[in-house]
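See below for the structure under consideration.
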Amino acid sequence: MSTSVLVINCGSSSIKYALVSERREDRIFGLAENLGSAEARIKGITTGGAELELSIPNADHEKALEIILERLSHHNPQAIGHRVVHGGTLTKAELLTPEIIERIREATPLAPLHNPAHLVGIDATMRLFPQLPQVAVFDTAFHQTMPSHAYRYALPKFLYTMHNVRRYGFHGTSHAYVSERGSELAGSFKQGGWLTAHLGNGSSTCAIWNGQSVDTSMGLTPLEGVVMGTRSGDVDPSIHSFLASNLGWDIYKIDKMLNSQSGLLGLSDLSNDMRTLIEASDQGNEDAALAIEVFCYRLAKSLAALSCGLPRIDGLFFTGGIGENSALIREKTLAYLPHFGFNLSKDKNDSLKRGTEGRIDAGAGPQIWVVPTDEEGRIAKETQHVVEHEAASAKKSEAEEEAVA
Ligand code: AMP
């Protein structure tokens, strides 16, 4: 592989990795999972598409990264790009310096499940590969262009000014990639007004005007917004006092319920997986059918609400495991938005092959596209930009110093 970037996404007990070539056409990727346990293993695809499965009993993040990097070292990665969920108010990808690492640490209370895991990965790669430039790419950064009327909550001002309580938004890497690629396919690169629906195990919507995020469904944390696999999305905030007063639940139990036991899983009492629910619904399971209906209705409501951020709607992009693969969910969601003039082509919607990009409207009204997301490719691209920009700045300062001397 020519010049390449290693993209790393560290979770609490897993590491997703991808080695992405300069023009992003070649990939080697995999997943280290069950880290810290006897079942720890690496599964992936190596050069040439061969499958890899490697048992690494009791390996921690550092050990797993060491093995991953050892296996990839002959490809000479030029840089490492880390996916970081919460960057606080950082507005773009940043070269990892002690100051930026501190900013990621400061944002930990806002992403207590994600940022500590990212920091473990960053710490390990910094120790193992001090010679490689390393960049953090934030899920929140794309949404830093939201106007204050979109990112402020109607709460006492000091909670914002002193404690950073505001809406941040997530899935920014995906919304940025999909809206850029989609508007390019539509012949109006980064121009006009677009809605994106990223529908996976985590789901969110975004409104984009001339290439910039103007509003999004997730907020202070990734719990706000549409119905997700196990997350509730929007609920009446008084549910906390209701459950505390009536069932004696503490805040941790309520938080766990909203994040891990709700959404599609909670509604169906069956599964968080949309495929399972569609199958069950086809076989007459009423709870599964209701979970699908609530998912689509709430999604349509979110898209309608976000349209307030756009002077006009040129179209809608579907992405994520559900958005890319399920014609049924796309059709049901659009059926709740007849007044927006969307004109779905049933044939194009049904016949779009999985994992492919394509236009699925019938011509009149706003465009409708399926655009498979590419978060790894986008992280690699941003990492490359930061590294090239830093190198150019260093060269310029050197030249200026020489001129003064
Ligand atoms: P992601 O988090 O983007 O990987 O998406 C995971 C979700 O996509 C799960 O709910 C899957 O059930 C769903 N998904 C994947 N393929 C399909 C499909 N063909 N039809 C419906 N949902 C699907």
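Please go through the residue pairs 16/63; 301/348; 92/395; 157/190; 157/381; 63/395 and name each one whose alpha carbons sit more than 26 Å apart in this structure. Don't jump to the answer; show the numbers that get you there.
Working: 16/63 14 Å; 301/348 24 Å; 92/395 22 Å; 157/190 34 Å; 157/381 38 Å; 63/395 36 Å.
Result: 157/190; 157/381; 63/395 exceed 26 Å.
Could you give each residue of segment 32-48 its phi-based ³J(HN,Hα) in whole Hz, using Karplus coefficients 6.51, -1.76, 1.60 with θ = phi - 60°, and x for Gly or Pro?
9, 10, 6, 4, x, 10, 5, 8, 4, 7, 10, 10, x, 10, 9, 4, x
Sort 371-383, 303-315, 276-288 for me by packing, meaning the mean count of neighbouring Cβ atoms within 10 Å per residue, highest on top. Mind showing how you got there, number by number?
On the way: 371-383: 23.6, 303-315: 16.9, 276-288: 15.4.
Answer by packing, highest mean first, reads 371-383, 303-315, 276-288.
Could you please rank 170, 189, placing first whichever residue has the fewest other Cβ atoms within 10 Å of its Cβ?
Details: 170 29, 189 13.
Lowest count first: 189, 170.
Tell me which of 380, 283, 338 sits at the most positive position along the dipole axis of segment 277-405, charges placed on C-beta atoms (Lys, Arg +1; Asp, Glu -1).
Selected residue: 338.
Given H placed on each backbone N at 1.01 Å, which residues far from residue 28 in sequence or on other chains put an amide H within less than 5 Å of it?
Long-range HN contacts for residue 28: 19.
Ranking 194, 249 by Cβ neighbours within 10 Å, fewest first, what do you get?
On the way: 194 29, 249 17.
Fewest-to-most Cβ neighbours within 10 Å comes out as 249, 194.
Residue 353: which aspartates and glutamates have alpha carbons under 14 Å from its alpha carbon, excluding same-chain residues fewer than 8 sequence positions away?
List returned: 324.
Would you work out if the chain is rounded, prolate or oblate? Take a ≥ b ≥ c from the square roots of the eigenvalues of the alpha-carbon gyration tensor; rounded if a/c is under 1.5, else prolate when a/b is larger than b/c, oblate otherwise. Before the final figure, lay out each step's value.
Values: a/c = 1.39, a/b = 1.32, b/c = 1.05.
Rounded, because the longest to shortest axis ratio a/c is under 1.5.
Per residue of segment 378-393, what does 6.51 cos²θ - 1.76 cosθ + 1.60 with θ = phi - 60° give for ³J(HN,Hα)? Whole Hz please, x for Gly and Pro, Karplus curve as stated.
5, 5, 4, 5, 5, 4, 4, 4, 5, 5, 5, 5, 5, 5, 5, 5
What does the charge dipole of the chain about its Cα centre add up to, to the nearest 20 debye, if the Cβ of each Lys and Arg holds +1 and the Cβ of each Asp and Glu holds -1? Intermediate values should be presented prior to the final figure.
On the way: 37 positive and 49 negative charges, 148 e Å.
With only Lys, Arg, Asp and Glu charged at Cβ, the dipole is about 700 debye.
Ranking 356, 205 by Cβ neighbours within 10 Å, fewest first, what do you get? Walk me through the numbers on the way to the answer.
Details: 356 10, 205 28.
With the sparsest Cβ surroundings first, the list reads 356, 205.
Bear in mind that the values in this text are calculations on the coordinates, not laboratory data. In this text the structure is predicted, and so the values were computed from the model without any measurement. Note that each Cβ is placed from the backbone with ideal geometry, even for glycine, and that neighbours are counted across all protein chains shown.
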